[in-house]
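Here is the structure we will look at, set down as structure tokens.
The values are calculated or read from the model by the stated rules, or taken from the named source; none is laboratory data. Predicted, not measured: the structure shown is a model, and the values here were computed from it. Don't worry about glycine lacking a Cβ; one is built from the backbone with ideal geometry, like all the others, and counts go over all protein chains shown.
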Amino acid sequence: MLIEENKPLAPFTTFSIGGPARWFVEAVSEEEIAEAAAWAGERSVALFVLGGGSNLLVSDAGFDGLVLRVGLSGIVAMDAPEHPGLKIYQAAAGEDWDRFVQRTVEDNCAGLECLAGIPGTVGGTPVQNVGAYGQEVASAIESVRAYDIQEHGFVEFAATECDFAYRRSRFNSDGRGRYIVTRVDYQLTPGGAPTLRYAELQKAFAEDAQPSLAEVAAQVRLIRQAKGMLIVEGDPDCRSAGSFFKNPVMTDEKFRQIAAAGEKAPPRFPAGPGAENPGLVKVPAAWLIEQAGFAKGYTLGAAAVSRRHTLALVNLGGASAAEILALASQITAAVEARFGIRLEMEPVRLGF
């Protein structure tokens, strides 16, 4: 196991921002993950697990600890023994997420097609219950394998034990910092129909159309690209962490208050299968941001609101983490002053 010192972290993030890690290691096996965790524990060194770096903002000072980059690879597909007609995909945590989704689509297995184009790795998907365009990984995950830092051993959690909610799981709430995901098993439907719950997807196809999984995945990528949410080499709008703010979930009463505070009522959506209370509704954070006075392209130094989507903050080139957070603070303060809603930042912040 090779441990490097003072390793720059900006190249490992889609933001391209951040100082160095005091120590850095890339683990390509479960044994190396256990070894790295033990190394940090024996020295009382803080440990951070790095996947694709697509949901991460690193401080300008860097991180005074060990960054463990998960490089486990491999995908195994098999029939689901307890559920005839379904298929299990065992995907290593270091696998590129979009390539994995494409593999399932090419195999004509439904369940992840609306999650195409999301940057990052497989291991990060259960942590924040990744979701987009009408799907969440919670609805497809069969189990999660992880290393338990406290107990010094590997554990497996059934989906029902992962405490999935909107952008939440046991891995980023009660169990934050305790588990290192090494493999995720997804249960998908061969020959299943694509999910067409999201309005933008429905509009892309005729009412009587029966698009294939591949056509839906391709359309999702087009939508993401139009919003600057697809990683495209050389596109400055891609130097971001995707959605910087979570879409707030609220009661009907709060929704009516927000509608009364604006010139028109905001869009509203069901809170989703991961919501704790089925009576809650979800409001687009982008709408709140725009109504609070932040247009696409708004800049603060080298930090900016994306020219394509107000939900993304971008690095125009040479932006510091401090500039990104200053812009985020301006936005959250303005939204709270206008609507009484405190937006929650979505990216993980490291070294602050």
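Just a few scattered comments:
- Residue satisfying all of: in the stretch 160-203; β-branched (Val, Ile, Thr) and touching a residue at least 12 places away in the same chain (Cβ under 8 Å); nearest to Asn247 (Cα to Cα) among these: Thr195
- Only one entry in Asp79, Asp64 is assigned by TED's automatic domain parsing to the domain that holds Tyr147, surrounded by fewer than 18 Cβ atoms within 10 Å (Cβ to Cβ) and farther than 18 Å from Glu26 by Cβ, namely Asp79.
- Residues located in the stretch 129-146, provided they are surrounded by fewer than 22 Cβ atoms within 10 Å (Cβ to Cβ) and closer than 17 Å to Leu68 by Cβ: Arg145
- Residue match in the stretch 63-83 (condition: closer than 26 Å to Gly111 by Cα, among the aliphatic types (A, V, I, L, M), part of a strand (DSSP E or B) and under 19 Å from the mean Cα position of the chain (by Cα)): yes
- Total residues in the stretch 106-128, condition surrounded by fewer than 23 Cβ atoms within 10 Å (Cβ to Cβ) and assigned to a helix (DSSP H, G or I): 1
- If you go through the stretch 129-148 and keep only what is part of a strand (DSSP E or B) and out of contact with any strand residue (DSSP E or B) (no Cβ under 8 Å at 6 or more places or on another chain), you end up with Gly131, Ala132, Gln135, Glu136.
- Counted residues, the stretch 82-98 - those being touching a Leu at 6+ places or on another chain (Cβ under 6 Å) and either over 19 Å from Ala159 (Cα atoms) or not assigned by TED's automatic domain parsing to the domain that holds Gly131 (or both): 1
- Qualifying strands (runs of 3 or more DSSP E) (wholly inside the stretch 1-59; at least 2 residues being crowded, with 20+ Cβ neighbours inside 10 Å): 20-27, 47-50, 56-58
- The sole residue among Ser320, Ser306, Ser329 that is within 19 Å of the chain's Cα centre (by Cα) and either within 21 Å of Gln225 (Cβ to Cβ) or of a type outside the set (Lys, Arg) (or both) is Ser306.
- Tally, over the stretch 191-243, of residues that are of a type in the set (Gly, Ala, Ser), part of a loop (DSSP other than H, G, I, E, B) and touching a helix residue (DSSP H, G or I) at 6+ places or on another chain (Cβ under 6 Å): 1
- Scope the stretch 122-150; condition among the β-branched types (Val, Ile, Thr) and touching a helix residue (DSSP H, G or I) at 6+ places or on another chain (Cβ under 6 Å); matching residues: Val122, Thr125, Val130, Ile141, Ile149
- Scanning the stretch 213-252 for residues that are out of contact with any Asp or Glu (no Cβ under 9 Å at 6 or more places or on another chain) and among the polar types (S, T, N, Q) yields Ser240, Asn247, Thr251.
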